[in-house]
Amino acid sequence: MTNTGALWRNWARSESVRPIRIERPTSVAAVQRAVIAAAKSGMSIKAVGSGHSFSGIAVAPGVLLDLADLAGLVGVDTNTGRVTLAAGTRLHRIRGLLAPYGLALANMGDVDRQTISGATSTGTHGTGSAFGGLATQIVGLTLVTGDGGLLHVSETENAEIFPAARLGLGALGILVDVTIQCVPAFLLHAVEQAEPLAEVLDTFDERSRTADHFEFYWFPHTEKALTKTNTRLDPASGRAPLAPVSRWIDDELLANGAFGALCTVGAVVPQTVPTINRFAERFMARREYTDASTRIFVSRRAVRFHEMEYALPIAAIPAAVREVRELIQRSGWRISFPIEVRSAAADDVWLSTAHGRETGYIAVHRFYRENPGEYFAAVEAIMRAHDGRPHWGKMHTRDAESLREAYPHFDDFLAVRDRLDPERRFGNRYLDRVLGR
Ligand SMILES: Cc1cc2nc3c(=O)[nH]c(=O)nc-3n(C[C@H](O)[C@H](O)[C@H](O)COP(=O)(O)OP(=O)(O)OC[C@H]3O[C@@H](n4cnc5c(N)ncnc54)[C@H](O)[C@@H]3O)c2cc1C
C-alpha cells in the first residue's frame, strides 16, 4: 500500500515529517523492491517503528516504510528457546505469541508499544545489573541492505557484522526479522515503596547488584524516592496480582489521569509544581504483588513527555543524581516529572550505551508542553562530566565527534555502515549528526 503527503509525528510530538511516500510492504520481497525503487529514484528510505523515539532518529523524509503488516511469529526453536519475529512485531504482541511455548523475554523496558526492530535499533533497555538491554537478547537478524540484497547475520553467519547490527540505529538497512534468545516464562515478585532519597542513593550500587531488577523514581522538590524491587520467581510459586480496582486507581487514575491533569496545571502555573510533587509522594503507598513478568515490567504511559537519558559507569550514579538535585534547587526550575534511575550489565554490542561497562541510567523528563531545553542542556553537561553516553532514541545534543570518544568501536561501526549502505540510502539528519555523512 502506498500513501503520499501524510504527516508523520512521533509519540512525544517532538518530531514530524511529511515523507514523499509511505509504503506498507506485506512481504520481505516487497521491502527489497521498495529499497531498489528508492535507490533508482535517488530517494532515502527508512523503516519506522511505532514512533516512540524522542530523538529524530526515525524521521523519514523520503520513503517511510511502515512494517505493521510484516509482524508476527516466523519460527520457534523449542530446544534452544530461540524465537524469530517479523520486524514490525510490537512488543505487546510478543507475550501472546510466546505463551504457547512457555517462553518470555528475559528483560523489558517500561512500555511495550514499540516494535521489536525499533526497540533494539536504539538500545532500549530495562533495569537489572545482571541483564543487558534488548539488543543483547538478539541472536540473529535479517537485513535488506542498501542494494536491496538480503543479509543474514548471527554469531555464526556474517559474524563480523553481528556486534554492529544488533543495535544499528536504522543506519545499516531494513530489518525484516530478528531472532531472540528467550527464557522460560517467569513471574516477578514486586515491592514498591517510598524511601528517603539519601538512603536510596547511598545503597544504590549494592541494591542494584543484589536485586534482580532494582530501579527508583525521584520526584524533584521532594526528599523521597519510589523504589521498585522485582525478584524473578518460578511460575509454580503462583501469582498474587494486584486487585483490578486498586491497579486501576494507582496505574490509570493516579499515574496517568490525575498526573496528566496536574502536569497541565503545572505547565500553566509552575509555582504549583512542588506542591503537586509532594501530593504525588503521598500516593506512593507500599505495594507488594506477584504477577507475570510482562505485567510487572511494563506500565501504560498516557501522559506525553519529552525525555533525555544518559548511561554512566554505575559507580557514578549517586554523585550524578545529587548534582542534578542541586542543579534543580539552584536554578529555581519547577520540574513536575520524576527522574528515573536504572542499571544494566556490561555488554559487547558496539553502540550499546552499556558497552564494556556496568551501567547506571539517569532519565530526565518534561511534560511535552514545557520547553525541556535549558533543563536538559544543564543535565547533559553533568552527564558528560561523568563520561555519560546518551540513549540513541532520546533527546540529546551530541555529535559524531564527541560520540567517537565515548565508544571504542565507533569507527568499526562506521566501516560496517560504509559496506552495507555506502550511498546513505538509510540516512537522515539525525544520523548525519551522530554518525557523520
Ligand atoms: C513512553 C515511552 C517509554 C519508553 N520507555 C523506554 C524504556 O523503558 N527503556 C528504553 O531504553 N527506552 C524507552 N523508550 C524509548 C523507546 O524504546 C525507543 O526510542 C524505541 O526505539 C522506540 O521503538 P519504535 O518501534 O517506536 O521505533 P521508532 O522510534 O519508530 O524507530 C527507532 C529507530 O529504529 C529504526 N527502525 C524501526 N524499524 C526498523 C526496521 N525494521 N529496520 C531497521 N530499522 C528500524 C528507525 O528507523 C529508527 O532509527 C520509551 C519511549 C516512550 C515514548
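Taken together, the values in this text are just the output of simple stated rules run on the coordinates, not laboratory data. Nothing here was measured: the structure is a model prediction, and the numbers come from that model. FYI the Cβ positions are ideal-geometry reconstructions off the backbone, even for glycines, and counts take in every protein chain you see.
Given a 10 angstrom Cα cut-off, can you work out which residue in ILE362, ILE335, ILE296 is the most mobile in a GNM of the chain?
Ranking ILE362, ILE335, ILE296 by mean-square fluctuation puts ILE296 first.
Taking amide H positions as placed in the peptide plane 1.01 Å from N, state which residues far from VAL176 in sequence (5 or more) or on other chains have amide H under 5 Å from it.
Here the answer is THR142, LEU143, VAL144, since their amide H atoms fall under 5 Å of that of VAL176.
Given Cβ point charges of +1 (Lys, Arg) and -1 (Asp, Glu) and nothing else, what value in debye, to the nearest 20, does the dipole of the chain about its Cα centre take?
Details: 49 positive and 49 negative charges, 283 e Å.
So the magnitude is around 1360 debye.
Stretched out fully, how many nm does the piece from GLU157 to ARG437 gain, at 0.36 nm a residue minus the Cα gap?
The GLU157-ARG437 span can extend by a further 98.0 nm.
Going Cα to Cα from LYS46, which lysines come in below 29 Å? Please leave out same-chain ones fewer than 8 positions away.
LYS394
Which value in Å is the Kirkwood Rh of segment 124-243 over different Cα pairs? Before the final figure, lay out each step's value.
Working: mean 1/r = 0.0574 Å⁻¹.
The answer is 17.4 Å.
Given PRO274, HIS355, LEU414, which one lies farthest toward the positive end of the charge dipole of the chain, if we put +1 on the Cβ of every Lys and Arg and -1 on the Cβ of every Asp and Glu?
PRO274
Starting from 0.36 nm per residue, how many nanometres of slack lie between SER27 and VAL183 once their C-alpha separation is accounted for? Let's see the in-between values first.
On the way: separation 156, 0.36 × 156 = 56.16 nm, distance 2.85 nm.
Difference between extended and current length: 53.3 nm.
What residue among GLY149, GLY72, TRP8 has its Cα farthest toward the positive end of the dipole of segment 1-152, where the charges are +1 on Lys, Arg and -1 on Asp, Glu, each on the Cβ?
TRP8
Work out the charge dipole of the chain with +1 on the Cβ of Lys and Arg and -1 on the Cβ of Asp and Glu about the Cα centre, then indicate which of VAL303, LEU187, PRO235 is farthest towards its positive end.
Selected residue: VAL303.
Compute log10 of I(q)/I(0) for the chain with the Debye formula, placing one identical point scatterer on every Cα and leaving out solvent, at q = 0.09, 0.11, 0.13 Å⁻¹, to two decimals.
-0.55, -0.85, -1.20
Using Cα springs under 10 Å in a Gaussian network model of the chain, which residue among GLY132, GLY109, GLY427 shows the largest mean-square fluctuation?
Comparing GLY132, GLY109, GLY427 in the GNM, the peak value goes to GLY109.
Which distance in Å, rounded to a whole number, links the C-alpha centroids of segment 392-429 and segment 23-72?
Spelled out, the Cα-based centre of one part sits 19 Å from the other.
Can you show me the helix-derived [θ] at 222 nm for the chain, built from DSSP H runs with n ≥ 4 at -39,500 (n - 2.57) apiece and divided by the number of residues, rounded to the nearest 500.
-8500 deg cm²/dmol
May I ask for the Kirkwood hydrodynamic radius of segment 264-415, worked out over all distinct Cα pairs and given in angstroms to one decimal? Please report the intermediate quantities before stating the final value.
On the way: mean 1/r = 0.0581 Å⁻¹.
After inverting the mean inverse Cα-Cα distance, the result is 17.2 Å.
Where does segment 45-155 land on Rg/Rh, using Cα atoms and the Kirkwood Rh? Please list the in-between numbers first.
On the way: Rg = 14.3 Å, Rh = 15.0 Å.
Taking Rg over the Kirkwood Rh, I get 0.95.
Roughly speaking, what is the centre-to-centre gap between segment 310-338 and segment 148-210 when only Cα atoms are used, to the nearest Å?
Here the answer is 25 Å between Cα centres.
Under a Cβ-Cβ cut-off of 15 Å, what is the net charge of the residues other than LEU7 that fall near it, where Lys and Arg count +1 and Asp and Glu count -1?
Cβ neighbours under 15 Å give a net charge of +2.
Mind checking segment 137-196 for GluC sites (Glu not before Pro) that DSSP puts in a loop (not H, G, I, E or B) and that have at most 14 other Cβ atoms within 10 Å?
Passing both the DSSP loop test and the Cβ count: GLU155, GLU157.
Using a Gaussian network for the chain with springs between C-alpha atoms less than 10 Å apart, which of these wobbles most: ALA29, ALA385, ALA159?
ALA385
Lysines within cross-link reach of LYS40: Cα-Cα under 29 Å, excluding same-chain residues under 8 positions apart?
Cross-link targets: none qualify.
Please report, to two decimal places, log10 I(q)/I(0) for segment 175-244 at q = 0.19, 0.26, 0.27 Å⁻¹ as given by the Debye formula with identical point scatterers on the Cα atoms and no solvent.
Values, matching the q order: -0.86, -1.12, -1.17.
Where Lys and Arg each count +1 and Asp and Glu each count -1, what net charge lies around GLU309 among other residues with Cβ under 12 Å from its Cβ? Provide the component values of the computation, followed by the final result.
Details: positive: ARG342, ARG389, LYS394; negative: ASP110, GLU307, GLU340, GLU380.
Neighbourhood net charge equals -1.
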